[in-house]
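Here the structure is laid out as structure tokens; the discussion comes afterwards.
Every number in this text was worked out from the coordinates using simple rules, so none of it is lab data. All of these numbers come straight from a predicted model, not from anything done at the bench. Cβ coordinates were reconstructed from backbone atoms using ideal geometry, including for glycine residues, and neighbour counts include every protein chain displayed.
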Amino acid sequence: MNYNNILLNIENNVGRITINRPPLNILDLQTMSEIVSALEEIRNTKAIKAVVFTGAGTKGFSAGVEVRDHLPESVKEMLRVFHGMFRQMIKLEQPTIAVIDGFALGGGCELALFCDMVIASEKSVIGQPDITLGNFAPLALAAYPFFIARKKVYEFLFTGESISAQEANQIGLVNRVVPSSELKAAEDALVGSLLKLSSVAIRASKMAMAATFNEPFEKALDAIEGIYLNELAPSHDGLEGLVAFLEKREPVWKEE
């Protein structure tokens, strides 16, 4: 398949997906659909033993989902496609690694942190600023309580404040933090360590992990998605935050 907004490279038993929309690598509907297709292609390529996600350019991984796609006329389709990426990811038998060199925000943060392992450069920052737009991140609310302490989830998602790679490492969201100049070497070392192991054992281990995660995660995601679409999206504040962002002004909350 030909891709326009991502790069898919399969080489030496590694599948590499690069979000190719620099400088911000925004996830619009086409980009997310291409990621879903790439994941399907990877699932059907048994020679692939590891999957790496990264962002093109020098700024960062991804600044998140296109804000306009959160508006009422497209929000249902946006959530269907966006969450479809993660429903494909939990079906993967190969370990996934995100490599962050700069920002990973909103949906970009969710995509990176949903990977099995994360390597970040020292300059990297991650964050879920959704709440500052009068919104919340359904995927993050469904998944992050499985990754870190619930009180940290509340702080991270309710304040909308970004955190450094070092803090993300301390609370368990990032595995390794290295200087930007050493990022590729760290990636190669981690991937290399996986390729030396039995892919049968790794695939079985992922299946075992999935048995504890997939069903409760999908159940939570369905419920939270319903709250987003039925409670938040139709509200004044839910729309006001998005419109204010697009109009580059401060939002006027009406608490309704």
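For Thr212 and Glu161 in one chain, what is 0.36 nm times their gap in residues minus the Cα-Cα distance, to one decimal in nm?
Computed gain between Thr212 and Glu161 is 15.4 nm.
Write down the Kirkwood hydrodynamic radius of the chain, to one decimal in angstroms, obtained as one divided by the mean of 1/r over all alpha carbon pairs.
Evaluated on the chain, it is 18.6 Å.
In the stretch 14-78, what GluC sites (Glu not before Pro) fall in a loop by DSSP, with at most 12 other Cβ atoms inside 10 Å?
Answer in residue order: Glu73.
Taking the Cα atoms of the stretch 193-234 alone, what are Rg (to one decimal) and Dmax (as a whole number) in Å?
In Å, with Rg to one decimal and Dmax whole: 16.8, 51.
With a cut-off of 8 Å between alpha carbons and a minimum separation of six or more residues, what is the relative contact order of the chain in percent?
That works out to 18 percent.
Where in the stretch 165-256 are there chymotrypsin sites (Phe, Trp or Tyr not before Pro) that are in a DSSP coil and have at most 12 other Cβ atoms within 10 angstrom of their Cβ?
Trp253
Could you compute how fast the stretch 91-202 diffuses translationally, taking Rh as the Kirkwood radius over C-alpha pairs and applying Stokes-Einstein at 20 °C with viscosity 1.002 mPa s? Give it in µm² per second.
In µm²/s, the coefficient rounds to 147.
Using every pair of alpha-carbon atoms in the stretch 1-80, split the distances into 10 Å bins beginning at 0 and state the percent of pairs per bin, rounded to integers.
Percent of Cα pairs in each bin: 19, 44, 30, 6, 0.
Taking the stretch 172-256, how much of its Cα-Cα pair set, in percent, is spaced more than 20 angstrom apart?
Tail of the P(r) past 20 Å holds 67 percent of the pairs.
Given an 8 Å cut-off on Cα distances and at least 6 residues of separation, report the relative contact order of the stretch 1-124 as a percent.
Contact order relative to length: 27 percent.
Determine, for Lys152, Lys49, the number of other Cβ atoms within 10 Å of each Cβ, and report the residues in order from fewest to most.
Final ranking by Cβ density, sparse to dense: Lys152, Lys49.
Restricting to bridges with both residues inside the stretch 65-203, how much of the DSSP beta-bridge set is antiparallel, in percent to the nearest 5?
Just about 15 percent of them are antiparallel.
Just to verify a number: FRET efficiency for Glu182 and Leu246, C-beta to C-beta distance, R0 = 51 Å, to 0.05?
0.85
How big is D, in µm² s⁻¹, for the stretch 42-149 by Stokes-Einstein at 20 °C and 1.002 mPa s if Rh is the Kirkwood radius over C-alpha pairs?
146 µm²/s
Kirkwood hydrodynamic radius, computed over distinct alpha-carbon pairs, for the stretch 101-140: how many Å, to one decimal?
One decimal place: 10.6 Å for the Kirkwood radius.
Could you work out how much longer the chain between Ala47 and Lys76 gets when fully extended? Use 0.36 nm per residue separation minus the Cα distance between them, nm to one decimal.
6.9 nm
Have a look at Asn135, Ser164, Ile48 and report the one farthest towards the positive end of the charge dipole of the chain, computed about the Cα centre with Cβ charges (Lys/Arg +1, Asp/Glu -1).
Ile48
Kindly count the pairs of lysines across the chain whose alpha carbons are less than 21 Å apart, treating pairs on different chains or eight or more residues apart as eligible.
Taking the Cα cut-off of 21 Å, the pair count is 16.
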